[in-house]
Every structure is written in C-alpha cells, then in structure tokens.
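Here's the structure we're looking at; comments come further down.
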C-alpha cells in the first residue's frame, strides 16, 4: 500500500508543480492586464471595461486552483504552537485530526462548487461583463481547485496513516508532511 501511495504522491507532486507554474503565469498575466487598464484609463483615456472581468476570473483561478498546489507543497499558513510540545506520536495524531478537518471542509466546498457549476451549466447563466461569458467556464476552476484539494488532503491522510518505511520504522511526521528525503 505504501508503494502505491508513494507512486501516486510523486505523480500528484508533478501535477501540483505544473499547477503552481500555471498560477504563476496567471499572476504575471494579471499584473499585465491591470497595468494595461491603468495605462489605458489614465494616460490614453481609453475604455478598459474588460479589465475587471478578466482580473476577477484570473484571481479566482489563482485562489482556488493555487490553493490545492500550495496545500500539497506545505506552503500554506499553519500554526504549530501545539505540535511543538508533542512527541512524534502526538504530532501524527494532531496531523491526522487537522487533515481530517481540512478534508471535510474541502469535500463540502467541492459539493458546493459542483452545485454552482451545475446550476450555471443548466441555467445558461452568463457573466455581467463585456464578454458575457457562460459562468460554468470560470466555475470550472472552482471545481478543479476543490477536487485537487480533496485529492491532496486524502493523499496526505493516507500518507499519515501508512507512514512507515519499508523496514517498519516510523517516519518522522515532519519528514512525512514536509517532503521525504530522496
């Protein structure tokens, strides 16, 4: 079981690195679009009605899709006041509990995202902006981000539960959650 989890973790890690790169590209595009909007509005006196719509969609993509990649890479905010006073077993139990809580929230958000997406798909609802984009398109990023977060959290939970090296020795919780030694 551990080998399968390790193989899946490596593949998912590669996917998350690609997602992180795409989010980085979205940040660059957002900066360029906002810069154009300021230049067009203040210097050239041109209309920039599309800038708000595009940046809104890019920000949603960066937030929801990027969240899963950051959570998987352990680059999210966390407070370790309690875990600093626990031994390895206590840290493992605490990591399991916190991962279960985040997984439950991610599953609830995934259900909500799918409901939003389905409603937009079936109703034909469109955006308010210049592009009048069908809303199921940007909602797809919300669904994808929540699904990625669910997969990340379930994989993390399996890693915590089955955290043993081949010789049966327990793996330190910090090594397990922050990256294995290669």
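Just so you know, all these numbers are worked out from the coordinates, no wet-lab data involved. A quick note: this is a predicted structure, and the numbers were derived from the prediction, not measured. Ideal geometry is used to build each Cβ from the backbone, glycine not excepted, and the neighbour counts take in all protein chains shown.
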Quick check on the chain: helices-only [θ] at 222 nm, where DSSP H runs of length 4 and up contribute -39,500 (n - 2.57) each and the sum goes over total residues. Nearest 500, please. -25500 deg cm²/dmol
For region 34-142, what does the alpha-carbon gyration tensor say about shape, rounded, prolate or oblate, given a ≥ b ≥ c as the root eigenvalues, a/c under 1.5 as rounded, and a/b over b/c as prolate? oblate
Which ordering of 1, 67 is given by a fewest-first count of other beta-carbon atoms within 10 Å? 1, 67
Quick one: if the Förster radius is 22 Å, what FRET efficiency do residue 89 and residue 157 give, using the C-beta to C-beta distance and rounding to 0.05? 0.85
Stretch residue 107-residue 4 to full length: gain in nm at 0.36 nm per residue minus the Cα-Cα span? 34.8 nm
Once you have the Cα-Cα distance between residue 38 and residue 80, take 0.36 nm times their residue separation minus that, and quote the gain in nm to one decimal. 11.0 nm
Determine the gain in length on full extension of the stretch residue 114-residue 56; use 0.36 nm per residue of separation and subtract their C-alpha separation, reporting nm with one decimal. 18.9 nm
With label points set 7 Å from each Cα along the Cα-to-Cβ direction at residue 11 and residue 49, the distance between them in nm comes to 4.7 nm
Please find, in a Gaussian network model of the chain (springs between Cα atoms separated by less than 10 Å), the residue of 66, 145, 74 whose mean-square fluctuation is greatest. 74
As I understand it, the value is the acute angle between the Cα axis of helix 2-38 and the longest principal axis of the Cα atoms of the chain; what does it come to in degrees, rounded to 10? 30 degrees
Using the alpha-carbon atoms, what tilt in degrees (0 to 90, nearest 10) does helix 136-161 show relative to the longest principal axis of the chain? 10 degrees
Reviewing (i) 18.7; (ii) 20.8; (iii) 17.5, the figure for Kirkwood radius over Cα pairs in Å actually calculated from this model sits under (i)
